[in-house]
1. Condition first: over 30 Å from LEU180 (Cα atoms), of a type in the set (Phe, Trp, Tyr) and either in a helix (DSSP H, G or I) or at pLDDT 85 or above (or both). Can you find one or more residues in segment 65-81 that meet it?
2. Filter segment 21-51 for residues that are surrounded by fewer than 10 Cβ atoms within 10 Å (Cβ to Cβ) and assigned to a loop (DSSP other than H, G, I, E, B) and give the result.
3. Within segment 126-143, how many residues are within 16 Å of GLU76 (Cα to Cα) and either polar (S, T, N, Q) or surrounded by fewer than 19 Cβ atoms within 10 Å (Cβ to Cβ) (or both)?
4. Cβ-Cβ distance below 8 Å, separation of 6 or more or different chains: which pairs start in segment 110-131 with a residue that is modelled with pLDDT of 90 or more and end on one that is loosely packed, with under 12 Cβ neighbours inside 10 Å?
5. Being over 20 Å from ASN114 (Cβ atoms) and either crowded, with 17+ Cβ neighbours inside 10 Å or in contact (Cβ under 8 Å) with a residue 40 or more places away in the chain (or both): is that true of THR149 here?
6. Please determine whether any residue of segment 94-107 is surrounded by 17 or more Cβ atoms within 10 Å (Cβ to Cβ), of a type in the set (D, E, K, R) and in the same structural domain as TYR173 (by TED's automatic domain parsing).
7. Touching a Gly at 6+ places or on another chain (Cβ under 8 Å) and more than 30 Å from GLY15 (Cβ to Cβ): is that true of THR146 in this structure?
8. Taking only pairs six or more apart or across chains, which ones have beta-carbon atoms under 8 Å, a first residue in segment 157-178 that is outside the structural domain of THR130 (by TED's automatic domain parsing), and a second residue that is surrounded by fewer than 17 Cβ atoms within 10 Å (Cβ to Cβ) and not in a helix (DSSP H, G or I)?
Amino acid sequence: EINLASSETLQLLSGILESEQGTIWLAERGDKQPIVRHKNFRLFGCMNPASDVGKRDIPIGIRNRFTELFVDECDERSEYLIIVDKYLNQTNIPKEYIDRIVTFYIDIQTKVKNFLLTSSSTSSNRVSITYSLRTLCRALRYVAITQWTGKSYSRALFEGFCLSFFSQLDRSYYHDVQKLIHQIILRKFRQIKAELSFHEIQTKFFFVQLS
């Protein structure tokens, strides 16, 4: 996110973007000559709206050197289907689960908007929560990773979506979300058994087979 870059970094970028003859000095590397940018040099940057907590706008002088393309948040079912399929296409999860996951996500978003799921169970202290695409992707990432441990896909789906969608939520609503996961995603798997033994153990980003 280019708007989170330090002032020093943005200052360096300003020199490169000044013109086709833009240059950059790397004094800390001991350079005695400036580096001239390549004729085909292109810089792609992204940023979220500065209205978010901890976000800030980039200086207008640098912003004016970019061609801006506004990309709205995904809100179409067809877009969700593409995202879910991308995360799960290397797993053994049946394809029909992709549609179920999207249905679950849209349904739970509706409940949040109608204050049926909040961060507090008491009406006087109810605070709206936010389930974003990041919440969904976090659950999908967990499912995709745990598939490599030999864990059943039903257990991986159950754990991943509980872990991701229980966050922010008041404990009294856990059962409601768990029920939605069973009804919409898992369906026939009403009772998910705990898996106490695994074939692999995770070491950082790798799984080592147990013997």
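1. Step one: list which residues in segment 65-81 are over 30 Å from LEU180 (Cα atoms), which gives 65-71.
After this cut, where a residue has to be of a type in the set (Phe, Trp, Tyr) as well, the list is 66, 70.
Keeping just the survivors that are either in a helix (DSSP H, G or I) or at pLDDT 85 or above (or both) gives 66, 70.
There is at least one residue in segment 65-81 that is over 30 Å from LEU180 (Cα atoms), of a type in the set (Phe, Trp, Tyr) and either in a helix (DSSP H, G or I) or at pLDDT 85 or above (or both).
2. Initially, segment 21-51 is screened for residues surrounded by fewer than 10 Cβ atoms within 10 Å (Cβ to Cβ), giving 21, 27-30, 32-33, 38-40, 42, 44, 46, 49, 51.
Across segment 21-51, the qualifying residues are GLN21, GLY30, LYS32, GLN33, HIS38, LYS39, ASN40, ARG42, PHE44, CYS46, PRO49, SER51.
3. Start the filter on segment 126-143 by keeping residues that are within 16 Å of GLU76 (Cα to Cα), which leaves 131-134, 136-137.
Pick out the ones that are also either polar (S, T, N, Q) or surrounded by fewer than 19 Cβ atoms within 10 Å (Cβ to Cβ) (or both) and you get 132-134, 137.
Within segment 126-143, residues that are within 16 Å of GLU76 (Cα to Cα) and either polar (S, T, N, Q) or surrounded by fewer than 19 Cβ atoms within 10 Å (Cβ to Cβ) (or both) number 4.
4. VAL112/SER128; VAL112/THR130
5. Answer is yes for this residue.
6. Our first condition is that a residue be surrounded by 17 or more Cβ atoms within 10 Å (Cβ to Cβ); within segment 94-107, this holds for 97-98, 100-102, 104-105.
If we keep only those that are of a type in the set (D, E, K, R) as well, we get 100.
Restricting the remaining residues to those that are in the same structural domain as TYR173 (by TED's automatic domain parsing) gives 100.
Scanning segment 94-107 turns up at least one residue that is surrounded by 17 or more Cβ atoms within 10 Å (Cβ to Cβ), of a type in the set (D, E, K, R) and in the same structural domain as TYR173 (by TED's automatic domain parsing).
7. Numbers: touching a Gly at 6+ places or on another chain (Cβ under 8 Å): yes; more than 30 Å from GLY15 (Cβ to Cβ): yes.
Yes, satisfied.
8. Note: no pairs meet the criteria.
The values are calculated or read from the model by the stated rules, or taken from the named source; none is laboratory data. Quantities reported herein were computed from a predicted structural model and do not represent experimental measurements. So basically every Cβ, Gly included, is an ideal-geometry build from the backbone, and we count neighbours across all protein chains shown.
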